[in-house]
Amino acid sequence: MSKRLNPYVTAPDTMKPMIALEAAVKESGLEHSLIHLVKMRASQINGCAYCLHMHSADALEGGESPARLFLLDAWHESALYTARERAALAWTDALTLIAQTHAPDAAYEEALRHFSPEEMVKLTVLIGTINSWNRIAIGFRSAHPGDRPAAAATAA
């Protein structure tokens with residue numbers, strides 16, 4: 001897979017609002033552990049290697065357990081997530097797969113049981129932001145600095 005253009009070099013003024021949005025999400029008041037789970041889940045659905053690499057390292061550094069990251073793809077079947085996290089993950093799935101789900105009322109209502117209206121806006125912006133980052137990273141074939149060819153990774 002060949003790398004494409006670098007959006008930060010090609011259109012830095014266009015990327016500045018994305019960076020500011022990311023900063024706003026980080027400081028939104030939502031739990032950092034929840035932010036990591038949402039970013040990981042959307043990135044799993046979208047298949048964004050760059051974001052999965054980055055956010056798994058960030059989550060582990062932030063104290064997240066490896067087991068919760070390993071089982072995130074099967075969050076529906078795991079008891080490792082709180083009711084609030086499960087509601088956020090369901091809303092993440094619904095919005096990330098919006099063309100298929102159309103944001104069902106059940107997912108929205110369950111999220112509202114665990115998030116205030118203001119938190120729902122913050123959660124929804126978080127989900128939209130990571131989906132945008134996924135599209136930027138995948139679209140431009142961004143390679144995470146820690147991504148090495150398999151042979152080099154196993155020899156290290």
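The values are calculated or read from the model by the stated rules, or taken from the named source; none is laboratory data. The shown structure was predicted, so the numbers you read here are calculated from the model rather than taken from an experiment. As a convention, Cβ positions derive from the backbone with ideal geometry for all residues, glycine included, and neighbour counts pool all protein chains shown.
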Open item on the list: Let me spell it out: the conditions are (1) surrounded by 11 or more Cβ atoms within 10 Å (Cβ to Cβ); (2) under 17 Å from the mean Cα position of the chain (by Cα), and P7 meets all of them except one. Which number is the exception?
Closed with: (2)
Open item on the list: Step by step: first the residues of the range 82-104, then only those that are of a type in the set (S, T, Y) and either part of a helix (DSSP H, G or I) or in contact (Cβ under 8 Å) with a residue 40 or more places away in the chain (or both), then the one that is nearest to S65 (Cα to Cα). Which residue is that?
Closed with: T92
Task: Selection within the range 44-90 - among the hydrophobic types (A, V, I, L, M, F, W, C), in contact with a His (Cβ under 8 Å, 6 or more places away or on another chain), surrounded by fewer than 19 Cβ atoms within 10 Å (Cβ to Cβ) and within 27 Å of G139 (Cβ to Cβ) - done: A49
Open item on the list: Looking only at the range 11-39, count every residue that is touching a residue at least 40 places away in the same chain (Cβ under 8 Å), in a helix (DSSP H, G or I) and among the aliphatic types (A, V, I, L, M) and tell me the total.
Closed with: 8
Open item on the list: Of everything in the range 10-43, what is of a type in the set (D, E) and either surrounded by 11 or more Cβ atoms within 10 Å (Cβ to Cβ) or under 29 Å from H76 (Cα atoms) (or both)? Give them in sequence order.
Closed with: E22, E27, E31
Task: Some residue of the range 40-52 being in contact with a helix residue (DSSP H, G or I) (Cβ under 9 Å, 6 or more places away or on another chain), in a helix (DSSP H, G or I), free of Cβ contacts under 8 Å to residues at least 24 places away in the same chain and not aromatic (F, W, Y) - done: yes
Open item on the list: Go through (1) out of contact with any Gly (no Cβ under 8 Å at 6 or more places or on another chain); (2) at pLDDT 95 or above for P149 and report which single condition fails.
Closed with: (2)
- [ ] Mind listing just one residue for me: the one in the range 91-130 that is surrounded by 12 or more Cβ atoms within 10 Å (Cβ to Cβ) and of a type in the set (S, T, Y) and, of those, farthest from L34 (Cα to Cα)?
- [x] T101
Task: Filter result (exposed (fewer than 15 other Cβ atoms within 10 Å of the Cβ) and over 15 Å from the mean Cα position of the chain (by Cα)) within the range 131-145 - done: G139, R141, P145
